[in-house]
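The values are calculated or read from the model by the stated rules, or taken from the named source; none is laboratory data. These numbers come from a predicted model, not from an experiment. Cβ atoms come from the backbone with ideal geometry, glycine included; neighbour counts cover every protein chain shown.
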Ligand code: KIV
């Protein structure tokens, strides 16, 4: 591989080919969501293979009560920030509700926006049925697609709410049919959300696509979690499948509480946080302040005078 095709960290960027190799070798693929520039830098440094700017940003970042209201412009803005923070991982952008369902033309235009404007390597959409047709159209337009079956939050109402899917024979067959349709449409990967492990394992064996589990057990080729669930930044409901690996919300609160109490006590800023000044400068300033009229008379800091900045650190 030439140096031009390596990231500044010296690692080759993750590609569909690399992900397929990992599947074939049985190497677990790690995917995570990220929604902003610093989070993207952290997940990149931590060595994940794939990053999804999921429409779960609607809840986690934007405070909506479901993924339905988030729009294309919001997704593009968040995805661009993540792109700027990533070097190595493969970036997938989520097509939000209403941006792909109505026609192939709409689906292609939305996918192109995420690729052209936000720099995604692939896009994701939810559901089987007509979504498989949209996936086929996007793939034909030259954009890799990730499908999403099982619990599909954009249409959770139609599924009877936020519930595990595929727990009856009828529902398990529906998950399998959706997954096979997306596989045949050319999706290179498919997310299985909230599906029994054994069901995901059986369907994975039938598919060419890389399977990505979230609440689908250990038999899928990849795992994905929502970053703010695993670092403990969200509060409130946590799905059974989400595991907390850290308590970032607690740590943030401790930090902000420390700031609040030091400002109230008058101990912040301390001597180490303040800039010094020459006493002669203070003398001149005091004389100036002693004058009744404080309006500039042009004596100081005329436009061609340069500021004598102290370094900020
Ligand atoms: O939006 C999202 O974060 C997702 C993942 C749960 C796969 O779709």
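Any residue that is farther than 22 Å from residue 213 by Cβ, in the same structural domain as residue 45 (by TED's automatic domain parsing) and outside any loop (DSSP other than H, G, I, E, B) - is there at least one of those in the stretch 120-128? Can you show your working first?
As a first pass, look at the stretch 120-128 and keep what is farther than 22 Å from residue 213 by Cβ: none.
Scanning the stretch 120-128 turns up no residue that is farther than 22 Å from residue 213 by Cβ, in the same structural domain as residue 45 (by TED's automatic domain parsing) and outside any loop (DSSP other than H, G, I, E, B).
Can you pull out the residues in the stretch 140-158 that are within 12 Å of the ligand (Cβ to nearest atom) and either outside any helix (DSSP H, G or I) or not assigned by TED's automatic domain parsing to the domain that holds residue 187 (or both)? Even if it seems obvious, please write down each step before you answer.
Applying the first criterion (within 12 Å of the ligand (Cβ to nearest atom)) to the stretch 140-158 yields 146-154, 156.
Hits for the stretch 140-158 are 146, 147, 148, 149, 150, 151, 152.
Residues are listed down the side, and each one gets a yes or a no for (1) farther than 27 Å from residue 184 by Cα; (2) surrounded by 18 or more Cβ atoms within 10 Å (Cβ to Cβ); (3) out of contact with any helix residue (DSSP H, G or I) (no Cβ under 6 Å at 6 or more places or on another chain); (4) touching a residue at least 24 places away in the same chain (Cβ under 8 Å):
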{"residue": "35", "(1), (2), (3), (4)": "yes, yes, no, yes"}
{"residue": "77", "(1), (2), (3), (4)": "yes, no, yes, no"}
{"residue": "117", "(1), (2), (3), (4)": "yes, no, no, yes"}
{"residue": "124", "(1), (2), (3), (4)": "no, yes, yes, yes"}
{"residue": "128", "(1), (2), (3), (4)": "no, yes, no, yes"}
Exercise. Please go through the stretch 51-63 and pick out each residue that is crowded, with 17+ Cβ neighbours inside 10 Å and either in a strand (DSSP E or B) or away from the ligand (no atom under 13 Å from the Cβ) (or both).
Key: 51, 52, 53
Self-check item: Filter result for residue 137 (away from the ligand (no atom under 16 Å from the Cβ), surrounded by 19 or more Cβ atoms within 10 Å (Cβ to Cβ) and either at pLDDT below 95 or more than 21 Å from residue 242 (Cβ to Cβ) (or both))
Solution: yes
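Table: residues versus (1) in contact with a helix residue (DSSP H, G or I) (Cβ under 8 Å, 6 or more places away or on another chain); (2) within 16 Å of the ligand (Cβ to nearest atom); (3) outside the structural domain of residue 114 (by TED's automatic domain parsing).
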{"residue": "10", "(1), (2), (3)": "no, no, no"}
{"residue": "17", "(1), (2), (3)": "no, no, no"}
{"residue": "24", "(1), (2), (3)": "no, no, no"}
{"residue": "43", "(1), (2), (3)": "yes, yes, no"}
{"residue": "49", "(1), (2), (3)": "yes, yes, no"}
{"residue": "69", "(1), (2), (3)": "yes, yes, no"}
{"residue": "84", "(1), (2), (3)": "yes, no, no"}
{"residue": "91", "(1), (2), (3)": "yes, yes, no"}
Practice problem: Considering every residue within the stretch 174-185, establish whether at least one is farther than 15 Å from residue 127 by Cβ and either within 12 Å of the ligand (Cβ to nearest atom) or touching a helix residue (DSSP H, G or I) at 6+ places or on another chain (Cβ under 6 Å) (or both). | Solution: no
